[in-house]
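First comes the structure, then the notes that go with it.
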Amino acid sequence: MNIIVETKSPAASTGTLKIGPHVFDCTLGRAGVIAAADKKEGDGKTPLGTFPLRYLLYRADRVPKPETGLKTEILAPETGWCEDPAHPDYNKKITLPHPAVHDRMTREDHLYDYMVVVGYNDAPAVAGKGSAIFMHLARTDFTPTAGCVGLKKEDLLAVLKLCGAAAQITILPPS
């Protein structure tokens, strides 16, 4: 099933996520949305386009495995994500410790308790075009992300339940 994300303006950091007849509020990048061709590492923007959902990572030490048709993996304490455009592991899941600039995936907060890897800039990764685009839990105050799509826990679990192995997310430009 295809997921559709819509926003009201290019600078909007919130939008709506639609899957089938279901509609959920979501958070987006703090700097709004941008055409994938113009995306840059660290710009705080959510890329526009259609991208496959690669797999779900989840914190088995905190939450149960959700019902989903997506491939699932347990998020281990040594899991990281390379955000260093100069490193060959750029925009890939890595094992920590790692010499490159990276994000630790087992965060103290709960944002990555459930996290879907969005297939953006990964086939192959182009240095500097952006990394670590996920669909994950939103902050409790619903503040923007660094470029990901954030959802309330109950909403993300509902979306995961509707996702099959071939699920995609389409982030649309404002209409």
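The values are calculated or read from the model by the stated rules, or taken from the named source; none is laboratory data. Treat the numbers as computed from the prediction; the structure is a model and nothing was measured. Methodologically, a virtual Cβ is constructed for each residue, glycine included, from the backbone with ideal geometry; neighbour enumeration extends over all protein chains shown.
From the list PHE24, PHE51, which one is within 22 Å of ALA158 (Cβ to Cβ), in a strand (DSSP E or B) and more than 14 Å from the chain's Cα centre (by Cα)? Spell out how you get there, then give the answer.
Values: PHE51 fails: more than 14 Å from the chain's Cα centre (by Cα).
The match here is PHE24.
Would you mind finding the one in LYS71, LYS40, LYS45 that is among the basic types (Lys, Arg) and surrounded by 14 or more Cβ atoms within 10 Å (Cβ to Cβ)? The match here is LYS45. Could you list all residues from region 21-43 that are over 14 Å from CYS148 (Cα atoms) and either at pLDDT below 95 or not small (Gly, Ala, Ser) (or both)? Passing the criteria: PRO21, HIS22, VAL23, PHE24, ASP38.
Look at LEU57 and say whether it is within 18 Å of LYS161 (Cα to Cα), of a type in the set (A, V, I, L, M), buried (at least 18 other Cβ atoms within 10 Å of the Cβ) and touching a helix residue (DSSP H, G or I) at 6+ places or on another chain (Cβ under 9 Å).
Working: within 18 Å of LYS161 (Cα to Cα): yes; of a type in the set (A, V, I, L, M): yes; buried (at least 18 other Cβ atoms within 10 Å of the Cβ): yes; touching a helix residue (DSSP H, G or I) at 6+ places or on another chain (Cβ under 9 Å): no.
In short, no.
Checked against (1) surrounded by fewer than 21 Cβ atoms within 10 Å (Cβ to Cβ); (2) among the aliphatic types (A, V, I, L, M); (3) closer than 17 Å to ALA146 by Cβ, VAL118 meets all criteria but (1). With respect to (1) part of a strand (DSSP E or B); (2) polar (S, T, N, Q); (3) surrounded by fewer than 14 Cβ atoms within 10 Å (Cβ to Cβ); (4) in contact (Cβ under 8 Å) with a residue 12 or more places away in the chain, the lone exception for THR16 is condition (4). If only residues of region 99-150 that are touching a residue at least 40 places away in the same chain (Cβ under 8 Å) and aromatic (Phe, Trp, Tyr) are counted, the one that is farthest from ALA167 (Cα to Cα) is PHE142.
Looking at VAL117, VAL149, VAL126, VAL159 in this structure, which one is more than 17 Å from TYR58 (Cβ to Cβ) and either touching a helix residue (DSSP H, G or I) at 6+ places or on another chain (Cβ under 7 Å) or of a type in the set (A, V, I, L, M) (or both)?
VAL126 is the lone residue from the list that is more than 17 Å from TYR58 (Cβ to Cβ) and either touching a helix residue (DSSP H, G or I) at 6+ places or on another chain (Cβ under 7 Å) or of a type in the set (A, V, I, L, M) (or both).
Confirm whether ASP141 is in a loop (DSSP other than H, G, I, E, B) and either out of contact with any strand residue (DSSP E or B) (no Cβ under 9 Å at 6 or more places or on another chain) or of a type outside the set (Ser, Thr, Tyr) (or both). Full working, then the answer.
Details: in a loop (DSSP other than H, G, I, E, B): yes; either out of contact with any strand residue (DSSP E or B) (no Cβ under 9 Å at 6 or more places or on another chain) or of a type outside the set (Ser, Thr, Tyr) (or both): yes.
Considered against the rule, which asks whether it is in a loop (DSSP other than H, G, I, E, B) and either out of contact with any strand residue (DSSP E or B) (no Cβ under 9 Å at 6 or more places or on another chain) or of a type outside the set (Ser, Thr, Tyr) (or both), ASP141 comes out as yes.
Among the candidates ALA165, ALA146, ALA132, single out the residue that is out of contact with any strand residue (DSSP E or B) (no Cβ under 6 Å at 6 or more places or on another chain), modelled with pLDDT of 95 or more, crowded, with 16+ Cβ neighbours inside 10 Å and aliphatic (A, V, I, L, M). Going through ALA165, ALA146, ALA132 in turn, just one is out of contact with any strand residue (DSSP E or B) (no Cβ under 6 Å at 6 or more places or on another chain), modelled with pLDDT of 95 or more, crowded, with 16+ Cβ neighbours inside 10 Å and aliphatic (A, V, I, L, M): ALA146.
Do we find that THR170 is touching an Asp or Glu at 6+ places or on another chain (Cβ under 8 Å) and surrounded by fewer than 17 Cβ atoms within 10 Å (Cβ to Cβ) in this structure? Explain how you work it out, then say what you get.
Details: touching an Asp or Glu at 6+ places or on another chain (Cβ under 8 Å): no; surrounded by fewer than 17 Cβ atoms within 10 Å (Cβ to Cβ): yes.
No, not satisfied.
Taking residues in region 49-74 that are without any contact (Cβ under 8 Å) to a residue 60 or more places away in the chain and over 17 Å from GLN168 (Cα atoms), and partners anywhere that are of a type in the set (A, V, I, L, M) and assigned to a loop (DSSP other than H, G, I, E, B), the pairs with Cβ atoms closer than 8 Å and at least 6 places apart or on different chains are TYR58/LEU75; ARG59/LEU75; ALA60/LEU75; ILE74/ALA60.
With respect to LYS93, is the statement that it is at pLDDT 95 or above, surrounded by fewer than 20 Cβ atoms within 10 Å (Cβ to Cβ), under 23 Å from ILE3 (Cα atoms) and within 15 Å of the chain's Cα centre (by Cα) true? No, not satisfied.
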